[in-house]
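Asker: Sharing a structure, written as structure tokens. Questions coming.
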Amino acid sequence: MTKNFLHKVKIYYEDTDSGGVVYYANYLKFLERARSEIIYTLGLTNKKLLNDYNTLIIVKSCNIKYKKPAKFEDVLTINSRLILISKVSFTMEQIIKRDNETISDAEVVLVTVNNQGKPVKIPEVLLKSFEKII
């Protein structure tokens, strides 16, 4: 069973429109923050992956479903888990909840590339970290 990573986000005024509802593109920022926190939890950073392994992690695709709106001062929990790993990519399921209610879910495919944007194998250090959580 894959380990679930939880990341909390509080909704500030800057995240919302004039009606106090979160602007749809901000959900993508929240998902990105949660994925970055996973990398930190694994003892790595995106900067270290770039500097030491010439590897960047980029989004290839994101299928997101908006079910209910998040609003000003809500506290959201993003539940992230790995669902698939290949040589150069991995897929994550990310669910955004307010209390126990799912308000959005996404499936995000991420690819590892070098600093010229060419696909590269996932670095061994990252693969080994992933093996610990799958």
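The values are calculated or read from the model by the stated rules, or taken from the named source; none is laboratory data. Values in this document were obtained by computation on a predicted structure and should not be read as measured data. A quick note on method: Cβ atoms are made from the backbone with ideal geometry, for glycine too, and the neighbour counts reach across all protein chains shown. Side chains are part of the model used for accessible areas, which takes the heavy atoms of the whole protein and leaves out ligands, DNA and RNA. Shrake-Rupley method; radii C 1.70, N 1.55, O 1.52, S 1.80 Å.
Asker: Please work out which one of (1) farther than 15 Å from Asn4 by Cα; (2) surrounded by fewer than 18 Cβ atoms within 10 Å (Cβ to Cβ) is the condition Thr41 fails and give its number.
Answerer: Thr41 satisfies all of (1) farther than 15 Å from Asn4 by Cα; (2) surrounded by fewer than 18 Cβ atoms within 10 Å (Cβ to Cβ) except (1).
So that you can scan it fast, the table gives a plain yes or no per residue for (1) more than 26 Å from Leu127 (Cα to Cα); (2) out of contact with any helix residue (DSSP H, G or I) (no Cβ under 7 Å at 6 or more places or on another chain); (3) open to solvent by 50 Å² or more (accessible area, probe 1.4 Å):
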| site | (1), (2), (3) |
| --- | --- |
| Lys10 | yes, yes, yes |
| Arg33 | no, yes, yes |
| Ser61 | no, yes, yes |
| Lys67 | yes, yes, yes |
| Phe72 | yes, no, yes |
| Leu84 | no, yes, yes |
| Lys87 | no, yes, yes |
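Asker: Checking the structure you have, find out if any residue of segment 3-23 is in a loop (DSSP other than H, G, I, E, B), free of Cβ contacts under 8 Å to residues at least 40 places away in the same chain and closer than 17 Å to Thr112 by Cβ.
Answerer: Step one: of segment 3-23, the residues in a loop (DSSP other than H, G, I, E, B) are 3-4, 11-12, 17-20, 23.
Narrowing further to those that are free of Cβ contacts under 8 Å to residues at least 40 places away in the same chain: 17-19, 23.
Filter once more, keeping what is closer than 17 Å to Thr112 by Cβ: none.
Within segment 3-23, none of the residues are in a loop (DSSP other than H, G, I, E, B), free of Cβ contacts under 8 Å to residues at least 40 places away in the same chain and closer than 17 Å to Thr112 by Cβ.
Asker: Are any residues in segment 54-87 in contact (Cβ under 8 Å) with a residue 24 or more places away in the chain, among the aliphatic types (A, V, I, L, M) and in a strand (DSSP E or B), and if so, which ones?
Answerer: If the condition is that a residue be in contact (Cβ under 8 Å) with a residue 24 or more places away in the chain, among the aliphatic types (A, V, I, L, M) and in a strand (DSSP E or B), then Leu56, Ile57, Ile58, Val59, Ile64, Val75, Leu76, Ile78, Leu82, Ile83, Ile85 are the ones that fit.
Asker: For Leu28, are the conditions met, namely being in contact with a Phe, Trp or Tyr (Cβ under 8 Å, 6 or more places away or on another chain), more than 13 Å from Leu126 (Cα to Cα), surrounded by 12 or more Cβ atoms within 10 Å (Cβ to Cβ) and of a type outside the set (Val, Ile, Thr)? Walk me through how you get there before you give the answer.
Answerer: Details: in contact with a Phe, Trp or Tyr (Cβ under 8 Å, 6 or more places away or on another chain): no; more than 13 Å from Leu126 (Cα to Cα): yes; surrounded by 12 or more Cβ atoms within 10 Å (Cβ to Cβ): yes; of a type outside the set (Val, Ile, Thr): yes.
Against the criterion (in contact with a Phe, Trp or Tyr (Cβ under 8 Å, 6 or more places away or on another chain), more than 13 Å from Leu126 (Cα to Cα), surrounded by 12 or more Cβ atoms within 10 Å (Cβ to Cβ) and of a type outside the set (Val, Ile, Thr)), Leu28 does not qualify.
Asker: What's the total number of residues in segment 91-113 that are surrounded by fewer than 20 Cβ atoms within 10 Å (Cβ to Cβ) and farther than 29 Å from Pro69 by Cβ?
Answerer: Residues in segment 91-113 being surrounded by fewer than 20 Cβ atoms within 10 Å (Cβ to Cβ) and farther than 29 Å from Pro69 by Cβ: 2 in total.
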